[in-house]
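To start, the structure under review is shown below, and the notes come after it.
The values are calculated or read from the model by the stated rules, or taken from the named source; none is laboratory data. Quick caveat, the model's predicted, so the values are computed rather than measured. With ideal geometry, Cβ positions are generated from the backbone for all residues, glycine too; neighbour counts draw on all protein chains shown. Areas reflect the complete protein model, heavy atoms only, side chains present, ligands, DNA and RNA absent. Shrake-Rupley method; radii C 1.70, N 1.55, O 1.52, S 1.80 Å.
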Amino acid sequence: MEEVLGASVVSRAGRCSARQRHNLDYTPRGKKKKSESSQRILNNSTPIVTNKLFTDFGGITPIKRKCPNTPVRCKREIVAGFSPGSTQTCMLALDESCLQAVDVEVVERNYWDSQNQQLGLDGARQELAHRSKSLDLSNRESDCLLGELDQNAVLMSTALDESDSQNSQGQSGAVNLSHDVNYLPANNLTHRDELDTDNDSNKQLIKCVEEIDMNWSNQSLLEEAIKLTNEMCQSSVPMGEKIKQALLNNAQKSVKSKAKTVSCVALEGVTGPFFGLPVEVQELIEKTKGITSLYTWQTECLELPALKHRQNLVLALPTSGGKTLVAEILVLKELLCQRRNALFVLPYVAIVQEKVRSLSPLAVALGFLVEEYAAGKGCCPPRRRRWKQTVYVATIEKAMGLVSSLTETDRLGEVGLVVVDELHLVGETGGRGANLEILLTKLLFSAVDLHVVGMSATIGNLGEVATFLLADSFCRNFRPVELQEYIKLEDQVFSINWDARCSDELLTLSRRLEPRTNSDIDPDSIGSLVLEVVPEEAVLVFCATKKNCENVALLICQTMSRKFQEHKLDEKKALYRALMAECKGSVCPTLRNTLPFGVAYHHSGLMVGERRLLEEAFVSGTICCICCTSTLAAGVNLPAKRVILRSPYVGREFVTMSRYKQMVGRAGRAGMGSSLGESILVCKSTDIDKVRELVHSSMDQCVSSLVHGDASGMRSLLLSAIGQGVATSLAELHQLVKRTLLSVQATRLGVDIKALVDSTLLGLFREGALRVRNQQADMSVCLSGDNVSQTNKKLRLHRDTPLSVSRLGRAAIKGNNLREQVLSLCLSTSVSTLTQYERDLCVPGCMDLKKARLLYEDLLQAQASLVLLTCLHLLYLVTPYELVDQIRPSPSVYFNSYNELGVQDQQCARVLGITEVCMVRIVKGHTHRGVPERVIKRFYLTLMLSELWQQESVWKVSVKYHVTRGFVQNLMSSSAAFAACVMRFCEELEEFWAFKDLLVNFSQRLSHCCTQELLPLMELPAVKRGRAQQLYNAGFKTLKDIANTDVNTLVSCVDHISRKVAGQIIAAARLLLLEKVESLREEAREVLEGISVIPE
């Protein structure tokens, strides 16, 4: 037979009677329980493992029985890895061998016998059972076989043949079908008995079917099956062909299920045991986070009418107030109650990785998925999940790409909740603020039923931001641990009185500092302030610059006695070994001198793996003091007993109130054992007036940056909206811009929104990024009647004129990666500290058209003379443009590196125009002739990237090229992201089809630049090369090895790993494996749905 037969099976939970179990287990004497044919069929029928709480298959939801008189058939458990007792659903596929192995007449009889059992006709069958003793043994064997295949199922269609059933051996009854559903009687019924039984059974089953809620949105499936049965029973088609055709028709029907809810959670408008969530969620939060009860404000917030009615909300509370827990509870409610996905938007990659690890234990226990969208991780559009909900944890830039892909594929409705942490970043300049504003504008404009929750501790204009989000606001001044703020001036320590009525009462003398250190070494008594707390408590020292961080760390160590070296000596040795593994046998000289005293520094010059190890050591108490830049306050959660601000400056700029509150907010976190947090701002007498102004100032206001610079944010918003189909006409674009924060602030900013939109569109047309749909690409546009065209052709735009994006514009949208590269630099560096050039490069929403043209030209050149003898030419193509002006090549290093190239690599250099003559001119300091400077600098970066590609350590590359380790690692991650950008760019331009295939694996390889065996372990969140090497050396070589271990084993086998981190890594490994399993199931489902005929 040439076709695949499929049958959907709905499982029914319940208990079977003793007689039913006897019938199911009965095997005729002299017969085996399973013949070879039946065993072959059972082997071809593969049950699908489902989640205990949430999973259903094929769009079928569990049957809710309302008929109390309907017996429940025996349930066959097929669930592996989950506790029994929940409703399960499975899909069985039957091929031609099934029909060939089963006697059709016996299948027909047994099916209707099973229906009679369900309808309470067991007594009739028991009374007439003695009449069926003469049945052939092969029929009994088929009976057992059908019971194995369909114990818990209701067949949706079947075909009956009256003439075939009359000729069946050992069966004297006949089939009598009417226009309604009729049923095959029990074995050996007479014709008169059959008619009497059929009438009663028809009425009973029809009544029962009407009372059973199957949650099918396409009821025509059952109706057409009944109709087909009545038509086929009157024909002379063989029974086998009838069954095959009926099942094929059913398999081709599309079935849509209604939205499902978990039975143990509260429905809409009903208060559950834990804010509408199951009690298990509360127990898991207590187990994983150690939180036994909520604060009063958290309970008040979760019971707000705005949240109950899924309205937007802005939470404004001080740092460490507990906003994150409220957001996570809302995410769990969306996943478990509403059965929709959630998006968690965070500012930095490190915070995303921390959030993924913290959510992994909850995800494994509750059966949802967590997907990381940061740096090089995350696919767009995300894989469609039918049976599990997903929370996407993403950076701002990755969230933009995720939402854009969901919008293009018409899947934005899958997301029901968006949580935005650090909402005040919407007012940041330099691109990130515009990115966040564009993201929120598209969500509010496109999504119909979307719940947006924003959180921040430093919003000065909360009303305007709430108006922009169409949200209610919830503002409280709550801290679980009291914070006492001080200002140190010379040897005096003043307490800040925030309730002062005049400036004279603002500062109150608290005490005079008794110096514990040599004033010549430590004139500002920083060491004395640290020694008052350490090593029992932790201290964070915020410094103005990266170099100052290292100097202050060394200074503090000079003020310490040797007894501090004995504190947690074994843990410090383990930390040192972990750092050695991370840097391939090298450790920074500064850290080598400070770690014995429990002191370290933290800034972007360190690699991500080094920073992660130091952060874990600080949380565990191995390190008691970290000297860091202000960006740590906006990064990972590192609470301390005391926070010291080395000076009131961030770089060369005086600190703002928002930045100040972020830094001092790290002092005195709940659960850290401190009953009081302290912050000390060290200042000089020349800065005291500015400090007074700082204390009297308000929080920074969030101001739209869509018009910043050359209005690149507005250009990005309009271009991406047109390209993604969000708004495709002039009228729709004006409506879209009205939903922005810029529109809310237009009056006080003096911006004419309509004129801005028109002028931006005009510029996009001039650059060739836009065109009028169904018109030639070279036509220009007049928006106000003026002829601004450079050609003789002109076109007037009306409000409803359809617009589209040109090929180059669409490629620029697809290659939306420049902002991701700047984000890579922002792993530990705030955007506000970037240079003006770097800020201008952070083009939100889509690739800058100038950079898109530059990439197009480079690809054209490479297309004509691509050197594939080595990977050097391809590495040059994926070297990011924005890093070119951040590097100043060393002539001697450049010359030596060029001479170390092989003959094949030098051929690539010659194609780019870099020859020995060019190298000589570089060494002598002469200008370059015929070779653009950007090519010279970019190839210098490519040489660094090439050594990383060849497994050279980041440490050695940084030393050789005289750059920091953080810059080298940033080059790796930026190149990995840019490789994905180039590949997406080439996908939109057919002439570059070859590059798409050549660059397909570059992104993953560049992300880590490690050996092949470590790549599976690098999938774990926040696990870098050093930690992956530790795990591999300890015998954990795959994700499966980690998932199958326990916390005690992992802690004992791996150096410098806490129990909390070990538990998170194990949970993350299990979650990744579950995600892979779900992906395979989805792929299998898609393949099965697309197959209608399989050849023999």
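Only one entry of VAL448, VAL452 meets the criterion of being at pLDDT below 90, in the same structural domain as LEU343 (by the TED database) and under 16 Å from ARG310 (Cβ atoms), and that entry is VAL448.
Do you know which residues across the range 955-980 are under 21 Å from SER897 (Cβ atoms), open to solvent by 20 Å² or more (accessible area, probe 1.4 Å) and in a helix (DSSP H, G or I)? Hits for the range 955-980 are TRP955, LYS956, VAL959, LYS960, ARG965, PHE967, GLN969.
Given the options SER946, SER974, SER958, name the one that is at pLDDT below 90, in contact with a helix residue (DSSP H, G or I) (Cβ under 8 Å, 6 or more places away or on another chain) and closer than 25 Å to GLN1004 by Cα. First the steps, then the outcome.
Values: SER946 fails: at pLDDT below 90; SER958 fails: at pLDDT below 90.
Every option except SER974 fails the conditions.
Only one entry in GLU303, GLU371 is under 14 Å from ALA394 (Cβ atoms) and surrounded by fewer than 24 Cβ atoms within 10 Å (Cβ to Cβ), namely GLU371. Can you tell which of GLY433, GLY376, GLY401, GLY427 is over 26 Å from ALA976 (Cβ atoms) and either surrounded by 24 or more Cβ atoms within 10 Å (Cβ to Cβ) or in contact (Cβ under 8 Å) with a residue 60 or more places away in the chain (or both)? Just one listed residue meets the conditions, GLY427.
Scanning the range 874-888 for residues that are of a type outside the set (D, E, K, R) and open to solvent by 30 Å² or more (accessible area, probe 1.4 Å) yields a single hit, GLN886. The residues of the range 480-504 that are touching a strand residue (DSSP E or B) at 6+ places or on another chain (Cβ under 8 Å) and either closer than 15 Å to GLY321 by Cα or among the β-branched types (Val, Ile, Thr) (or both), listed by number, are VAL481, GLU482, LEU483, ILE487, VAL493, ILE496.
Here the strands (runs of 3 or more DSSP E) wholly within the range 474-540 that include at least 1 residues being open to solvent by 70 Å² or more (accessible area, probe 1.4 Å) are 482-489, 507-512. Entry remark, the range 901-951: residues being acidic (Asp, Glu), open to solvent by less than 30 Å² (accessible area, probe 1.4 Å) and under 19 Å from VAL884 (Cα atoms) number 0 in total. Somewhere in the range 701-712, is a residue part of a helix (DSSP H, G or I), in the same structural domain as ARG807 (by the TED database) and touching a helix residue (DSSP H, G or I) at 6+ places or on another chain (Cβ under 7 Å)? Within the range 701-712 (the criterion being part of a helix (DSSP H, G or I), in the same structural domain as ARG807 (by the TED database) and touching a helix residue (DSSP H, G or I) at 6+ places or on another chain (Cβ under 7 Å)), the answer is no, since none of the residues qualifies.
State whether the residues of the range 947-954 include one that is more than 28 Å from LEU866 (Cα to Cα) and acidic (Asp, Glu). No - not one qualifying residue is present in the range 947-954. Pairing residues of the range 331-356 that are on the phi > 0 side of the Ramachandran plot with residues that are of a type outside the set (Lys, Arg) and open to solvent by 10 Å² or more (accessible area, probe 1.4 Å), at Cβ distances under 8 Å and at least 6 apart in sequence or on separate chains, gives ARG339/PHE54; ARG339/ALA259; ARG339/THR261; ARG339/GLN389.
What about LEU606, is it closer than 28 Å to VAL356 by Cβ, without any contact (Cβ under 8 Å) to a residue 40 or more places away in the chain and either assigned by the TED database to the domain that holds HIS567 or surrounded by fewer than 24 Cβ atoms within 10 Å (Cβ to Cβ) (or both)?
Details: closer than 28 Å to VAL356 by Cβ: yes; without any contact (Cβ under 8 Å) to a residue 40 or more places away in the chain: no; either assigned by the TED database to the domain that holds HIS567 or surrounded by fewer than 24 Cβ atoms within 10 Å (Cβ to Cβ) (or both): yes.
No: the conditions fail for LEU606.
GLN724 fulfils the conditions (1) open to solvent by less than 10 Å² (accessible area, probe 1.4 Å); (2) farther than 30 Å from PRO648 by Cβ except for a single criterion, (1).
Rundown of residues vs (1) open to solvent by 50 Å² or more (accessible area, probe 1.4 Å); (2) touching a residue at least 40 places away in the same chain (Cβ under 8 Å); (3) on the phi < 0 side of the Ramachandran plot; (4) not acidic (Asp, Glu), yes/no style:
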| site | (1), (2), (3), (4) |
| --- | --- |
| VAL982 | no, yes, yes, yes |
| CYS986 | no, yes, yes, yes |
| GLU1013 | yes, no, yes, no |
| PRO1016 | no, no, yes, yes |
| LEU1020 | no, yes, yes, yes |
| GLN1030 | no, yes, yes, yes |
| LEU1039 | no, no, yes, yes |
| ASP1055 | yes, yes, yes, no |
| ALA1062 | no, no, yes, yes |
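Among the residues of the range 436-467 satisfying the criterion of being of a type in the set (D, E, K, R) and more than 24 Å from LEU335 (Cβ to Cβ), which is most open to solvent (accessible area, probe 1.4 Å)? Let's see the steps before the verdict.
Within the range 436-467, the first condition is being of a type in the set (D, E, K, R), and the residues that meet it are 437, 442, 449, 464.
So of that shortlist, the ones also more than 24 Å from LEU335 (Cβ to Cβ) come out as 437, 464.
Details: GLU437: 1, GLU464: 45 Å².
Residue satisfying both the conditions and the ranking: GLU464.
For LEU343, are the conditions met, namely being assigned to a helix (DSSP H, G or I) and not charged (D, E, K, R)? No, not satisfied. Scanning the range 413-424 for residues that are over 19 Å from LEU335 (Cβ atoms), part of a helix (DSSP H, G or I) and open to solvent by 10 Å² or more (accessible area, probe 1.4 Å) gives a single hit, HIS424.
Does the range 642-651 contain at least one residue that is over 20 Å from VAL356 (Cα atoms), open to solvent by 20 Å² or more (accessible area, probe 1.4 Å) and part of a strand (DSSP E or B)? Please lay out each step first, then the result.
Of all residues in the range 642-651, those over 20 Å from VAL356 (Cα atoms) come to 642-651.
Filter once more, so that each one left must be open to solvent by 20 Å² or more (accessible area, probe 1.4 Å): 646-647, 649-651.
Right, trim to part of a strand (DSSP E or B) and you get 649-650.
So far as the range 642-651 goes, yes, one or more of its residues are over 20 Å from VAL356 (Cα atoms), open to solvent by 20 Å² or more (accessible area, probe 1.4 Å) and part of a strand (DSSP E or B).
The test for being basic (Lys, Arg) and in contact (Cβ under 8 Å) with a residue 60 or more places away in the chain does not hold for LYS573. Would you be able to say whether some residue in the range 589-603 is outside any helix (DSSP H, G or I), within 29 Å of the chain's Cα centre (by Cα) and under 19 Å from GLY527 (Cα atoms)? Scanning the range 589-603 turns up at least one residue that is outside any helix (DSSP H, G or I), within 29 Å of the chain's Cα centre (by Cα) and under 19 Å from GLY527 (Cα atoms). The residues listed here are THR292, THR324; of these, the one that is out of contact with any strand residue (DSSP E or B) (no Cβ under 8 Å at 6 or more places or on another chain) and of a type in the set (Ser, Thr, Tyr) is THR292. Test each condition in (1) touching a helix residue (DSSP H, G or I) at 6+ places or on another chain (Cβ under 7 Å); (2) modelled with pLDDT of 85 or more; (3) within 16 Å of VAL935 (Cα to Cα) for LEU860 and report the one that comes out false. In the conditions (1) touching a helix residue (DSSP H, G or I) at 6+ places or on another chain (Cβ under 7 Å); (2) modelled with pLDDT of 85 or more; (3) within 16 Å of VAL935 (Cα to Cα), LEU860 misses (1) alone. Between ALA633, ALA581, the distinction of being touching a residue at least 24 places away in the same chain (Cβ under 8 Å), over 30 Å from LEU489 (Cβ atoms) and not polar (S, T, N, Q) belongs to ALA581 only. Residues of the range 652-666 that are open to solvent by less than 30 Å² (accessible area, probe 1.4 Å) and either modelled with pLDDT under 90 or farther than 19 Å from GLU537 by Cβ (or both): VAL655, MET657, SER658, TYR660, GLN662, GLY665, ARG666.
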